[in-house]
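Trainee: The following block contains the structure, expressed as structure tokens.
The values are calculated or read from the model by the stated rules, or taken from the named source; none is laboratory data. Note that this is a predicted model, so its numbers are computed, not measured. Backbone-built Cβ (ideal geometry, glycine too); neighbour counts: all protein chains shown. Each accessible area value is taken on the protein alone, full model and side chains, heavy atoms only, with ligands, DNA and RNA left out. Shrake-Rupley method; radii C 1.70, N 1.55, O 1.52, S 1.80 Å.
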Amino acid sequence: MLRKWYDWECKLFYSINRYFDQKWLNTYFRSITHVGGATFSITSVMLAIWLLRDEWRDTAIASAIALALSHIPVTMMKKIYPRKRPYISLHETKVTKNPLTDHSFPSGHTTAIFSVIVPFLLYAPALAVCLLPIAVSVAVSRIYLGLHYPSDVLAGCMLGTLFGIASFSVLT
């Protein structure tokens, strides 16, 4: 059963990663992936806390807490489940120059983006029209760039979502 799952996951990985040579996709995914990175996500949440007022500020604080707390299990899981990145394990994976070398499970970028957006989605569901495509793009970019398996991204999505819901529920 696990072998079938892994085989399916590898097929899905290759079906996304195979477009790596498309110039416009490279430009898009190499840019959007940084939205889930530490510098962008921390900076944007801190700016939101500083610039927003009232319930919006409370939502930004919930977002910041979700971002901070969600990376505790990410760090722990990367140590407990030392999964090699796809570009190391799978032949013919297309990957960027100087790829990450730590473990792949779960995706920290995906965890970050979902932990940041979920409190805002809960506060103002209409934001889903613009925030969900960004978050999904970050998640897909991690596969496209050869850095994560689909299950790494799915786990990151679930972790970020759970921490986003929890922090929003507690703080608002």
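Trainee: Test of understanding: among 162, 100, 154, which residue is of a type in the set (A, V, I, L, M), over 15 Å from residue 45 (Cβ atoms) and part of a loop (DSSP other than H, G, I, E, B)?
Mentor: Values: 162 fails: part of a loop (DSSP other than H, G, I, E, B); 154 fails: part of a loop (DSSP other than H, G, I, E, B).
Being of a type in the set (A, V, I, L, M), over 15 Å from residue 45 (Cβ atoms) and part of a loop (DSSP other than H, G, I, E, B) holds for just one of 162, 100, 154, which is 100.
Trainee: Those residues that are open to solvent by less than 100 Å² (accessible area, probe 1.4 Å) and over 21 Å from residue 109 (Cβ atoms), I need them from the range 1-34; list them, please.
Mentor: Listed by number, the residues that qualify are 6, 7.
Trainee: In the range 121-146, what residues are open to solvent by less than 50 Å² (accessible area, probe 1.4 Å) and under 14 Å from residue 32 (Cα atoms)?
Mentor: Residues satisfying the conditions are 131, 135, 137, 138, 139, 140, 141, 142, 143, 144, 145.
Trainee: Any idea which residue in the range 17-68 is modelled with the lowest pLDDT, counting only those that are of a type in the set (Ser, Thr, Tyr) and over 20 Å from residue 132 (Cβ atoms)? Walk me through how you get there before you give the answer.
Mentor: Narrowing the range 17-68 to residues of a type in the set (Ser, Thr, Tyr): 19, 27-28, 31, 33, 39, 41, 43-44, 59, 63.
Then keep just the ones that are over 20 Å from residue 132 (Cβ atoms); that gives 19, 27, 39, 43.
Working: 19: 86, 27: 93, 39: 96, 43: 97.
Ranking the qualifying residues of the range 17-68, first place goes to 19.
Per-residue answers, yes or no, for (1) closer than 21 Å to residue 31 by Cβ; (2) touching a Gly at 6+ places or on another chain (Cβ under 7 Å):
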position	(1), (2)
56	no, no
74	no, yes
90	no, no
105	no, no
133	yes, no
136	yes, no
155	no, no
159	no, no
163	no, no
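Trainee: Would a scan of the range 104-120 turn up a residue that is within 16 Å of residue 143 (Cβ to Cβ), open to solvent by 20 Å² or more (accessible area, probe 1.4 Å) and more than 18 Å from the chain's Cα centre (by Cα)?
Mentor: No - not one qualifying residue is present in the range 104-120.
Trainee: Looking at the range 1-54, which of its residues are among the acidic types (Asp, Glu) and free of Cβ contacts under 8 Å to residues at least 60 places away in the same chain? Let's see the steps before the verdict.
Mentor: Residues of the range 1-54 among the acidic types (Asp, Glu): 7, 9, 21, 54.
Of everything in the range 1-54, those that are among the acidic types (Asp, Glu) and free of Cβ contacts under 8 Å to residues at least 60 places away in the same chain turn out to be 7, 54.
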